[in-house]
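To keep things clear, I will list the structure first and then write my remarks on it.
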Amino acid sequence: AQKVTQAQTEISVVEKEDVTLDCVYETRDTTYYLFWYKQPPSGELVFLIRRNSFDEQNEISGRYSWNFQKSTSSFNFTITASQVVDSAVYFCALSEVIVSYNTDKLIFGTGTRLQVFP
Amino acid sequence: DTGVSQDPRHKITKRGQNVTFRCDPISEHNRLYWYRQTLGQGPEFLTYFQNEAQLEKSRLLSDRFSAERPKGSFSTLEIQRTEQGDSAMYLCASSLEGVDTEAFFGQGTRLTVV
């Protein structure tokens, strides 16, 4: 069965601190995609990053970085030098490639609420 | 408008009434998804369209729920005989066809059943 676990319910940091959001996933498939989405108070889910199961190269994009490790089924997300505007709920998600009907529905974790205080 | 648009943003209805929500995807996106999000949870998949064809429905989608995408553009989600347990945020997303794409979400319709 597919499952995404975000064990951290809520994290509070002071501005300029680094923060890492954890994500652990379960899937039986060899081909899958992992995502991070941000949901600010306005409610709209904002896409941050997508990684496929064959690409374990970690990446840094501005203040964001990702650590994908298939050996531990983890896809962690780090914000460097956090800012108040980073305050939001962050969701990790998994999609499997169902070739037969070409769907890529997302399985979401329960989210981690990040609060950045000035 | 370059984003996914949902209408209405908020809906309060009495138990037992029918409600209908609309989603306008990004124009060139042929895939459209509906998700439901309850307080403190992540979104849960409800149903998926590729063009006008509804290709997958979740077990969460009871007989009281129906979704359509008649011309492969906008979509509607109808809930009949609403129950208090239907209170949630209903999110629509769209994406291009292909496996290496991301879904773009609308701001959602928040339904409150009283």
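Note down the net charge around A:Ser53, summing +1 for each Lys or Arg and -1 for each Asp or Glu among other residues with Cβ under 14 Å from its Cβ.
Counting the neighbours of A:Ser53, the net charge comes to -3.
Rounded to the nearest 5, what % of the DSSP beta bridges within chain A are antiparallel ones?
Rounded to the nearest five, the antiparallel share is 90 percent.
Specify the inter-centroid distance of the stretch A:44-94 and the stretch B:70-114, based on alpha-carbon positions, in whole Å.
Using only Cα atoms to place each centre, the spacing works out to 25 Å.
Within chain B, what is the longest stretch that has no GluC sites (Glu not before Pro) placed in a DSSP loop and near at most 16 other beta-carbon atoms within 10 Å?
In chain B, the maximal stretch lacking such sites is B:53-82.
Just to check I understand the Karplus step: with θ = phi - 60° and J = 6.51 cos²θ - 1.76 cosθ + 1.60, what whole-Hz values come out for the stretch B:28-45, glycine and proline as x?
8, 7, 9, 9, 9, 10, 10, 10, 10, 10, 9, 4, x, 10, x, x, 10, 5
Compute the signed sum of charges (Lys and Arg +1, Asp and Glu -1) over the other residues within less than 11 Å, Cβ to Cβ, of B:Thr109.
Residues near B:Thr109 contribute +4 overall.
To the nearest 20 debye, what is the magnitude of the charge dipole of the stretch A:1-110 about its Cα centre, counting +1 on the Cβ of each Lys and Arg and -1 on the Cβ of each Asp and Glu?
The calculation lands at about 180 debye.
Estimate the FRET efficiency between B:Thr13 and A:Tyr64 by the formula 1/(1 + (r/R0)^6), using the beta-carbon distance for r and 35 Å for R0, to the nearest 0.05.
So the FRET efficiency works out to roughly 0.30.
Going by Cα centres, the stretch B:1-51 and the stretch A:12-34 are how many Å apart?
The two parts, judged by their Cα centres, are 26 Å apart.
Any of A:Lys70/B:Lys57; A:Lys38/B:Lys71; A:Lys3/A:Lys70 with alpha carbons more than 21 Å apart? Name them for me.
A:Lys70/B:Lys57; A:Lys38/B:Lys71
So for chain A, averaging the separation of alpha carbon pairs under 8 Å that are six or more residues apart and normalising by length, what relative contact order in percent results?
Once normalised by length, the contact order is 37 percent.
For chain B, what relative contact order do you get, as a whole percent, if you take Cα pairs closer than 8 Å and at least 6 residues apart?
37 percent
Computed from the coordinates by the stated procedures, all read-outs in this text should not be read as laboratory data. All values derive from a computational prediction rather than experimental measurement. Because the Cβ atoms are built from the backbone with ideal geometry, glycine has one as well, and the counts that use them run over all protein chains shown.
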